[in-house]
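Let me give you the structure first, and then I'll get to my questions.
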């Protein structure tokens, strides 16, 4: 099937400005990664991902060290929602030490972001090939910049979340779909379905934007083919896509013995739809305010110069906002679920802004005003106007995160992760490999300590995930009266029954076991850090502790003087 495509070949990619942006972003990313690192109590520089990413990294570490795709050895619970990202991480846990594996995941996030920026340039070229846009170089530069300049996307990608990988796969699938729409070809057709299948393995809720992309490409199949070929191609595309969720479901059933992931039960089961919608609306208010100008500009382009390609670039963010409302929001107001669609929206917005700037400069009244005595050559005035508008829109998008973006403030939760990693260092020094750790933060402490762990919030605990959620308002923040993934807990079970050697804290939501644990746990402190260890536990090196109160201990200086890291191979945790 031959179609038009020649105009694209004649449009050179502006390598110099794109290279300058890429180098600048790489320097910024290096500084960002450095700002998320810290020197721990044992005198070593350590790295940490976002804590949820550290959970995935523990799964990856256990997989590559013979324990299986599990959080705890011997406990098959699917406590992740990002299978492909976890497998990707396993490449680094196979080849590197624990701290270096973390750093390599961060570097991989940078590569994914740069790769996505290149793909966005190609998407912008596909979008503009029919239009008489003289400033197509400007559009390419703005698309590249928009892919890198949205802070939440960079934040999640550089801190190891699957957001960067998912963004790249969705962008590649849209590029493939656009190329099929322009020039046809079986590779583009089935490549789109395969890329969307990989996106599903990265995050199952990618089915939301994937549905829109599949509708687009199936419409193109209907438009470009006839008769039996339409039916065969439609069946082929859908079948190829469905191979991925079906294969994962079969793996889940055979390996974990469950039809649904534990994280689905944790976040959604037991929460009424009305409660989820109310929380979702409350959570998304800040995002609505930031995104409205972009939706208006992109919407004008769709309404007054309709092309289904523009609609496809704009629709995913709308669909994902609806999805995020439906699931009741997200624990962190950094738009993790929405960030993959922002670069696509920025391409659509930049396209309209470049078109409008060109029309303004060419129209008589505006030309007479704008070209009186410009500071730049007349031929660059339209590009300058377009760039100024897009930069202002990017500023509005990034305004809530500006102090972090310009590196005046450490990235979100970095201080908490520093505390978690230092806690793991202390646990390694004062406990044996038989110790168990009870945690609210289920990533860095279990990963760096290597001990068997008890997850108080249930991501990797079947019992907690099946409890009714706390809808009382005791677990509430960011406009939500009940935070998904954090509103199911049973400290009586997690601490009283499981009796971990170390407990991170004794309070959560409406439960407080401080009085009950006072006679059962002792406080061990070292500077600003506190460990709560089970009294009399044989897994504690009591000889490394100095008693300095009725129920408090300090860590001997000699305990931290030994720079050797503990490298425990977890054993199966007994049920009680």
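We did not get these values from a lab; they are worked out from the coordinates using the rules stated. Because the structure is predicted, anything quoted here is derived from the model rather than measured. Because the Cβ atoms are built from the backbone with ideal geometry, glycine has one as well, and the counts that use them run over all protein chains shown.
Of the residues 283, 287, which single one is touching a strand residue (DSSP E or B) at 6+ places or on another chain (Cβ under 6 Å), in contact (Cβ under 8 Å) with a residue 40 or more places away in the chain, assigned to a helix (DSSP H, G or I) and at negative phi?
Working: 287 fails: touching a strand residue (DSSP E or B) at 6+ places or on another chain (Cβ under 6 Å).
Going through 283, 287 in turn, the sole match is 283.
Within the stretch 192-203, can one find any residue that is surrounded by fewer than 21 Cβ atoms within 10 Å (Cβ to Cβ) and in contact (Cβ under 8 Å) with a residue 24 or more places away in the chain? Even if it seems obvious, please write down each step before you answer.
Just the residues of the stretch 192-203 that are surrounded by fewer than 21 Cβ atoms within 10 Å (Cβ to Cβ), to begin with: 194, 198.
Applying the additional criterion that residues be in contact (Cβ under 8 Å) with a residue 24 or more places away in the chain yields 194, 198.
The answer is yes, given that some residue of the stretch 192-203 is surrounded by fewer than 21 Cβ atoms within 10 Å (Cβ to Cβ) and in contact (Cβ under 8 Å) with a residue 24 or more places away in the chain.
Restricting attention to the stretch 214-236, which residues are more than 13 Å from residue 184 (Cβ to Cβ) and surrounded by 15 or more Cβ atoms within 10 Å (Cβ to Cβ)?
If the condition is that a residue be more than 13 Å from residue 184 (Cβ to Cβ) and surrounded by 15 or more Cβ atoms within 10 Å (Cβ to Cβ), then 214, 216, 218, 230, 234, 236 are the ones that fit.
Taking the criterion of being assigned to a strand (DSSP E or B) and farther than 30 Å from residue 556 by Cβ, would at least one residue in the stretch 464-479 satisfy it? First the steps, then the outcome.
Initial filter on the stretch 464-479 (assigned to a strand (DSSP E or B)): 477.
This time we only want the ones that are farther than 30 Å from residue 556 by Cβ, so: 477.
Yes: the stretch 464-479 contains one or more residues that are assigned to a strand (DSSP E or B) and farther than 30 Å from residue 556 by Cβ.
Can you pull out the residues in the stretch 217-229 that are more than 16 Å from residue 197 (Cβ to Cβ) and either in contact with a helix residue (DSSP H, G or I) (Cβ under 7 Å, 6 or more places away or on another chain) or in contact (Cβ under 8 Å) with a residue 40 or more places away in the chain (or both)? Reasoning before the result, please.
Narrowing the stretch 217-229 to residues more than 16 Å from residue 197 (Cβ to Cβ): 219-229.
Residues satisfying the conditions are 219, 220, 221, 222, 224, 225.
With the requirement that a residue be farther than 12 Å from residue 105 by Cβ, within 23 Å of the chain's Cα centre (by Cα) and touching a residue at least 40 places away in the same chain (Cβ under 8 Å), what does the stretch 38-69 give you? Before you say what the answer is, go through the steps one by one.
Within the stretch 38-69, the first condition is being farther than 12 Å from residue 105 by Cβ, and the residues that meet it are 38-46, 51-52, 55, 58-59, 62-69.
From what is left, the residues that are within 23 Å of the chain's Cα centre (by Cα) are 38, 46, 51-52, 55, 58-59, 62-64, 69.
Within the stretch 38-69, 38, 46, 51, 52, 55, 58, 62, 69 meet the criteria.
So residue 299 ticks every box in (1) outside any loop (DSSP other than H, G, I, E, B); (2) out of contact with any helix residue (DSSP H, G or I) (no Cβ under 8 Å at 6 or more places or on another chain) but one. Which box is left unticked?
Every listed condition holds for residue 299 apart from (2).
Let me ask something else. Return only the number of the condition from (1) buried (at least 18 other Cβ atoms within 10 Å of the Cβ); (2) farther than 22 Å from residue 338 by Cβ that residue 272 does not satisfy.
That leaves (1) as the condition not met.
What residue, among those in the stretch 93-106 that are buried (at least 21 other Cβ atoms within 10 Å of the Cβ) and more than 18 Å from residue 422 (Cα to Cα), is farthest from the chain's Cα centre (by Cα)?
93
Table: residues versus (1) touching a residue at least 40 places away in the same chain (Cβ under 8 Å); (2) touching a helix residue (DSSP H, G or I) at 6+ places or on another chain (Cβ under 9 Å); (3) under 30 Å from residue 100 (Cα atoms).
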residue	(1), (2), (3)
145	yes, yes, yes
158	yes, yes, yes
162	yes, yes, yes
180	yes, yes, no
241	yes, yes, no
245	yes, yes, no
257	yes, no, no
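For the stretch 502-516, what are the residues that are over 20 Å from residue 458 (Cβ atoms) and either in contact (Cβ under 8 Å) with a residue 12 or more places away in the chain or in contact with a strand residue (DSSP E or B) (Cβ under 9 Å, 6 or more places away or on another chain) (or both)? Show your work before the answer.
Step one: of the stretch 502-516, the residues over 20 Å from residue 458 (Cβ atoms) are 514-516.
Selection gives 514, 516.
Check whether at least one residue in the stretch 425-442 is part of a helix (DSSP H, G or I), in contact with a strand residue (DSSP E or B) (Cβ under 7 Å, 6 or more places away or on another chain) and closer than 15 Å to residue 77 by Cβ, and report yes or no.
So far as the stretch 425-442 goes, no, none of its residues is part of a helix (DSSP H, G or I), in contact with a strand residue (DSSP E or B) (Cβ under 7 Å, 6 or more places away or on another chain) and closer than 15 Å to residue 77 by Cβ.
Would you confirm, using the coordinates I've provided, whether residue 482 is touching a residue at least 40 places away in the same chain (Cβ under 8 Å), on the phi < 0 side of the Ramachandran plot and in contact with a strand residue (DSSP E or B) (Cβ under 7 Å, 6 or more places away or on another chain)?
Values: touching a residue at least 40 places away in the same chain (Cβ under 8 Å): yes; on the phi < 0 side of the Ramachandran plot: yes; in contact with a strand residue (DSSP E or B) (Cβ under 7 Å, 6 or more places away or on another chain): no.
No; evaluated as a whole, the condition is false for this residue.
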